[in-house]
Structure formats: C-alpha cells, structure tokens
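The structure appears below as structure tokens.
Every number in this text was worked out from the coordinates using simple rules, so none of it is lab data. In this text, all values refer to a predicted model and were calculated from it rather than measured experimentally. For neighbour counting, all protein chains shown are included, and Cβ atoms are generated from backbone atoms with ideal geometry for every residue, glycine included.
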Amino acid sequence: MAIGDPRFQKAIELIDSENANDPNVDVSGGVRVPKELLYSKRLTEIVREISSSPSEELLIAIRGQHICRWMIPRSDFSMDRKGYLAWREKLKKFHAEKATGILKEAGYDAGFIECVSLLITKKNFPNDPESRVLEDAVTLYFLKYQFADFLKEQGEEKTVAVLKKAWNKLSPEGQKRALSLEFKKEEMDILKKALNKEAGV
C-alpha cells in the first residue's frame, strides 16, 4: 500500500472531513467526537490489527463505510424488518456514491473506485478475501464498542439473534479474535447462549 500516495491521503482527509460534520457524538477518552468520525477511525485501527497488509481500497472502504450516515435516518423507513432492510440497502448505495465522488476528486481511476464501491456495498462477500476482513472488523467493532449498550437497549432475545447472525459471518480467525476480547459476565453469558456453548466459549 502506497501510504505516501497523495491520492490516498487526500481521500482519507476528505472522508474524515465529511464525517466530522456528524451532529451525533460519542465520547472517547473523555472527549466528545463526531460519531461517524470516531467509528471510521476505530474501524481502521481494527483492520490494521487483523490484516498485515490491507490494501488502499480496503482502508478507504473502511473509512467510508458509514460516511454521512446521519443523512439517512432509520426513522425515514417503516419500523419493521422490511423497513430495516430497505434502510440498509439505501445506506450502502449512498455510502458508495459519496465515496465515489471523493475518490474521483482525489484522482483515482474507475477500476480502483469500483473495487472500493464493491467493498462498501459488500457485493463480493464472502468470496473476496478483503470483504471478509471488512466484515470481521465490523463485527469485532460491535463486540468491542457496542455490545453492552445494545444488550441494555434491545434485550437478551434480540441480542442473541444478532450475535448468532454476526458469528456466522465471521471468518475462523475472526471468531478467534472475538473470543479473545474482554467481556463482562453478563455479556459472556449472552455470548455463550448465542453460540450454544460452541466454539469453546
């Protein structure tokens, strides 16, 4: 990966600049940070931990995974599974389109842009190895940063269902990394229930 490539640096800066406009905030180290900016940076850190040589395409796709997500709120869609799936599909296309505009501005060619778009929309999952890295990173992020709050907000039944689905998408290496994370007893109990005590939890 050509870290010094000015196109790469410009693309990352432009994505971060967009995400810095998020009106929603999370707290990291006692500091309030725009939610999607923090998400994209943390996700990048996870990818660098689990992949020894992530491509430029993957790193940009990760950075733009939720670009400007707040512009398409969940509340714009019906609050049922059909509405949820429609929302997710709309987001994928929106994120890919935003990333495409930025990559064109940064000077990337059509082939590179298409690769990033396919990663963001997950069109080649699970056949593309880097799409599996991306999916592993997203699930590990959930387990590390969102699991506890999701459990409190959604309850045991829904959390178990989400964990089962996410676990089946993880690669074997991703599952090992997931099991190495630190969990509170309540969270570990839920994880055990979701996995039916399989995978040595």
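Give me Rg over Rh for the range 135-201, both radii from the alpha carbons and Rh done the Kirkwood way, two decimal places.
0.91
With angles folded into 0 to 90 degrees, how steeply does helix 6-19 sit against the dominant principal axis of the chain? Use alpha carbons for both and round to 10.
Between helix and principal axis, roughly 60 degrees.
Scale the Cα Rg of the chain by the rule-of-thumb value 2.2 N^0.38 Å and send over the ratio, two decimals.
Compared with the compact-globule rule of thumb, the chain sits at 1.04.
With a cut-off of 13 Å, note down the residues of the range 53-84 whose backbone N falls inside the zone around a label point 7 Å from the Cα of K165 toward its beta carbon.
80-84
So for D16, D189, D136, fewest C-beta neighbours within 10 Å to most, what's the order?
D189, D16, D136
Of the chymotrypsin sites (Phe, Trp or Tyr not before Pro) in the range 19-77, which ones lie in a loop per DSSP and count no more than 10 other C-beta atoms within 10 Å?
Listed in order of number, the matching sites amount to none.
Within a 10 angstrom radius of the beta carbon, how do V162, V133, V27 rank from fewest other beta carbons to most?
Ranking V162, V133, V27 by Cβ neighbours within 10 Å, fewest first, gives V27, V162, V133.
Using the alpha-carbon atoms, what tilt in degrees (0 to 90, nearest 10) does helix 129-141 show relative to the longest principal axis of the chain?
For 129-141 against the chain, the angle is about 60 degrees.
Kindly put L179, L140 in sequence by how many other C-beta atoms sit within 10 Å of each C-beta, fewest to most.
Least to most surrounded, the residues fall as L179, L140.
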